[in-house]
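See below for the structure under consideration.
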Amino acid sequence: MTHRILILGGTTEARQLAGKLAARADCSVMLSLAGRTENPVAQGVPMRTGGFGGADGLAVYLRETGTDLLIDATHPYAARISANAAQAARVAGVPILALRRPGWEPVEGDRWTQVDTFGYAAHALGPAPRHVFLALGRQEVAAFEAAPQHHYLIRSVDPVEPKLAVPDAEYLLARGPFREAEERALLEKHRIDVVVSKNSGGEATYGKIAAARALGIEVVMVRRPALPDVNSAETVEALAAIVDQLGVDHFVRPVDERGV
Ligand code: NAP
């Protein structure tokens, strides 16, 4: 019997987890992407793209596809889909696990100012003009139009369209991982004096945090949003081990509840 697993992705870990579970003879994996990135990295497993239509739409999808296990492996700042996933799993009676990579903690030498929202981050830059590195998604940078006095260096995977309504902004297109040495060179080249970052966790984007520390540069760190409380693991290996140890059968509901 093949067990159907839906992985909500958009992260490196989701792709790695999908590959790992797809290699099991008893699992059939579907990886779901939101469809935001114009040229997503090849995922190497069966994929679907686009929103489900809220928690209700996702619950219908889970039922219609006879999904046995839902895994939320989305980015820690993708709070809406995580909330939808928890609710849809409850409504459809499908077990859910989450892959939640731990956030970064400040270490000696870090100069972090922690704030709750991107709007507060813009405010925290202060009134005097500064050279600001925004390593944020294109939807998040709009908040900085409220602080047009700064010079911005904006790095994103896809172009920021429309451009920010500020007089002084430079745009860089790049996809991580980014190493500390390269990040340090970038910060120096652009005479950056403050970095605005999400607390994404993981290695791939930590380079700018380490580089800022080495250069004594302030980091305005936007705290993580609240996420639903579901069973979770911190790494791909740990999550795959939960599936292995318990066996996918453990997650499968009785046939009469599945409606398939
Ligand atoms: P979000 O605000 O939590 O979700 C907005 C809507 O996008 C959801 O309600 C859902 O639409 C759809 N959606 C999100 N993730 C999806 C997925 N994996 N499969 C199908 N539909 C999905 O999400 P976001 O912050 O815009 O992030 C979008 C995607 O980019 C996520 O997959 C996330 O893992 C990835 N990502 C996000 C960040 C970040 O910083 N936010 C960084 C790296 C990667 P419906 O309600 O119509 O189902």
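The values are calculated or read from the model by the stated rules, or taken from the named source; none is laboratory data. Keep in mind it's a predicted model, so treat the numbers as computed, not measured. Ideal geometry is used to build each Cβ from the backbone, glycine not excepted, and the neighbour counts take in all protein chains shown. Keep in mind that these areas ignore ligands, DNA and RNA; they rest on the heavy atoms of the full protein, side chains included. Shrake-Rupley method; radii C 1.70, N 1.55, O 1.52, S 1.80 Å.
Observations
- Top-ranked residue of the stretch 15-29 - restricted to ones that are within 14 Å of the ligand (Cβ to nearest atom) and open to solvent by 60 Å² or more (accessible area, probe 1.4 Å), ranked as nearest to the chain's Cα centre (by Cα): 15
- Filter result for the condition that a residue is within 14 Å of the ligand (Cβ to nearest atom) and modelled with pLDDT under 95, over 12, 117: 12
- Condition met for residue 174 (more than 16 Å from the ligand (Cβ to nearest atom) and of a type in the set (Gly, Ala, Ser)): no
Yes/no matrix, rows are residues, columns are (1) within 30 Å of residue 241 (Cβ to Cβ); (2) touching an Asp or Glu at 6+ places or on another chain (Cβ under 6 Å):
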position	(1), (2)
62	yes, no
79	yes, no
93	yes, yes
118	no, yes
123	no, no
126	no, no
148	no, no
151	no, yes
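- Sole exception among (1) touching a helix residue (DSSP H, G or I) at 6+ places or on another chain (Cβ under 9 Å); (2) polar (S, T, N, Q); (3) modelled with pLDDT of 90 or more for residue 43, by number: (3)
- Checked against (1) surrounded by 14 or more Cβ atoms within 10 Å (Cβ to Cβ); (2) touching a helix residue (DSSP H, G or I) at 6+ places or on another chain (Cβ under 9 Å); (3) assigned by TED's automatic domain parsing to the domain that holds residue 234, residue 121 meets all criteria but (3).
- Of all the listed residues (115, 107, 94), the sole one being in contact (Cβ under 8 Å) with a residue 40 or more places away in the chain, among the β-branched types (Val, Ile, Thr) and open to solvent by 30 Å² or more (accessible area, probe 1.4 Å) is 107.
- Residue that is most open to solvent (accessible area, probe 1.4 Å) [pool: residues in the stretch 131-184 that are charged (D, E, K, R) and in contact with a Ser or Thr (Cβ under 7 Å, 6 or more places away or on another chain)]: 138
- Where residue 73 falls short, out of the listed (1) over 17 Å from the mean Cα position of the chain (by Cα); (2) surrounded by 20 or more Cβ atoms within 10 Å (Cβ to Cβ); (3) within 13 Å of the ligand (Cβ to nearest atom): (1)
- Across the stretch 121-141, the number of residues qualifying as assigned to a helix (DSSP H, G or I) and either closer than 19 Å to residue 212 by Cα or free of Cβ contacts under 8 Å to residues at least 24 places away in the same chain (or both) comes to 4.
- In the stretch 209-233, the residues that are open to solvent by 10 Å² or more (accessible area, probe 1.4 Å) and within 16 Å of the ligand (Cβ to nearest atom): 223, 224, 225, 226, 227, 228, 230, 232
- If you go through the stretch 187-208 and keep only what is within 21 Å of residue 128 (Cα to Cα), surrounded by 15 or more Cβ atoms within 10 Å (Cβ to Cβ) and not hydroxyl-bearing (Ser, Thr, Tyr), you end up with 187, 190, 192, 193, 194, 195, 196.
Every residue, every condition in (1) outside any loop (DSSP other than H, G, I, E, B); (2) at negative phi, yes or no:
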| site | (1), (2) |
| --- | --- |
| 152 | yes, yes |
| 160 | no, yes |
| 163 | no, yes |
| 166 | no, yes |
| 170 | yes, yes |
| 178 | no, yes |
| 183 | yes, yes |
| 191 | no, no |
